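Asker: Handing you this structure, nothing more for now.
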Amino acid sequence: MSPTAAQSILMYFILPLWLAAGFADYLCHRAASIQTTSGPKESVLHLAQFAEMAVPTLAAIFLEINALVFAVMLISLVLHQLTAMWDVSYAYHTRAVKPIEQHIHSLLEMLPLAAFLIIVTLYPGQLLALFGMGTEVANFTVHLKEPPLPWVYVSTMLTLVLLFEVLPYFEELLRGLRSRRSTGRGFDAHHRLK
């Protein structure tokens, strides 16, 4: 596969599908009324997963891909998977997780890995260098991407992320906090992770 084709798949298929899956997951949470079941704790776990993937995604958009960026990506992928398991375990004990939401979770877990693997095909030398292999020297410096991605693409994607990820998931958290406050319910044993 050519580098141009790989980058196009990443930019125009993987990232938009990932964005759509994130919004679909939010809609599943809304339909399940998580504010009355699992409450704000589950929303905090959702925001943590978003942050764990935002860091490497922004690095890939704005920075030259090198050993440092690969290290950040790998650490973020592991943290995201651990938080996702915690999230699903917590949700399982507090509410019904329907099959459609489970399938959406599969996308949300696999699309970051797919994005990572596509980036590996574009910059294999720096991934190998991170582990002391290959012919390249591991580069741990921070440099802006040259040439940068098209500003129209970047601004469009960041706007879509704000509208369909950041705002909805903060709304979910606020809805959970309001529900908890209106019922006077703190985090009782039912709402703690076992």
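Asker: Pairs under 9 Å by beta carbon, first residue in contact (Cβ under 8 Å) with a residue 60 or more places away in the chain and in a helix (DSSP H, G or I) in the stretch 171-183, partner open to solvent by less than 30 Å² (accessible area, probe 1.4 Å) and among the polar types (S, T, N, Q), six or more apart or different chains?
Answerer: Filtered contacts from the stretch 171-183: Glu172/Ser43; Leu173/Ser43; Arg175/Ser43; Gly176/Ser38; Gly176/Ser43; Leu177/Ser43.
Asker: Next question, about the same structure. Given the criterion of a type in the set (Asp, Glu) and open to solvent by less than 50 Å² (accessible area, probe 1.4 Å), identify the matching residue among Glu136, Glu172, Glu146. Steps first, please.
Answerer: Values: Glu136 fails: open to solvent by less than 50 Å² (accessible area, probe 1.4 Å); Glu146 fails: open to solvent by less than 50 Å² (accessible area, probe 1.4 Å).
Answer to the selection: Glu172.
Asker: Scan the stretch 56-69 residue by residue and report those that are closer than 18 Å to Phe164 by Cα and surrounded by 17 or more Cβ atoms within 10 Å (Cβ to Cβ). Write out each step before concluding.
Answerer: Step one: list which residues in the stretch 56-69 are closer than 18 Å to Phe164 by Cα, which gives 57-58.
The answer is Thr57, and nothing else.
Asker: Then there is this: Return yes when Phe50 is open to solvent by 30 Å² or more (accessible area, probe 1.4 Å) and either more than 18 Å from Leu167 (Cβ to Cβ) or assigned to a helix (DSSP H, G or I) (or both) and no when it is not. Steps first, please.
Answerer: Working: open to solvent by 30 Å² or more (accessible area, probe 1.4 Å): yes; either more than 18 Å from Leu167 (Cβ to Cβ) or assigned to a helix (DSSP H, G or I) (or both): yes.
In short, yes.
Asker: Quick check on the stretch 33-46. Is at least one of its residues within 19 Å of Leu158 (Cα to Cα) and buried (at least 16 other Cβ atoms within 10 Å of the Cβ)?
Answerer: So the first thing to find is which residues in the stretch 33-46 are within 19 Å of Leu158 (Cα to Cα), and the list is 46.
This time we only want the ones that are buried (at least 16 other Cβ atoms within 10 Å of the Cβ), so: 46.
Within the stretch 33-46 (the criterion being within 19 Å of Leu158 (Cα to Cα) and buried (at least 16 other Cβ atoms within 10 Å of the Cβ)), the answer is yes, since at least one residue qualifies.
Asker: Determine whether the stretch 103-120 contains at least one residue that is under 30 Å from Glu64 (Cβ atoms), without any contact (Cβ under 8 Å) to a residue 12 or more places away in the chain, out of contact with any helix residue (DSSP H, G or I) (no Cβ under 8 Å at 6 or more places or on another chain) and outside any helix (DSSP H, G or I).
Answerer: no
Asker: Another question, if that's okay. Here is a list of conditions, (1) surrounded by 12 or more Cβ atoms within 10 Å (Cβ to Cβ); (2) over 20 Å from Leu74 (Cα atoms); (3) not small (Gly, Ala, Ser), and Leu128 meets all of them except one; can you say which number that is?
Answerer: The number of the failed condition is (2).
Asker: Something else: Is there any pair linking a residue in the stretch 38-55 that is free of Cβ contacts under 8 Å to residues at least 24 places away in the same chain to one that is in a helix (DSSP H, G or I), with Cβ under 6 Å and at least six apart or on different chains, and which?
Answerer: From the stretch 38-55, the pairs are Val55/Ser76.
The values are calculated or read from the model by the stated rules, or taken from the named source; none is laboratory data. This one's a predicted model, so the numbers in the text were calculated from it and none came from an experiment. With ideal geometry, Cβ positions are generated from the backbone for all residues, glycine too; neighbour counts draw on all protein chains shown. The accessibility values were calculated without ligands, DNA or RNA, using every heavy atom of the protein model including side chains. Shrake-Rupley method; radii C 1.70, N 1.55, O 1.52, S 1.80 Å.
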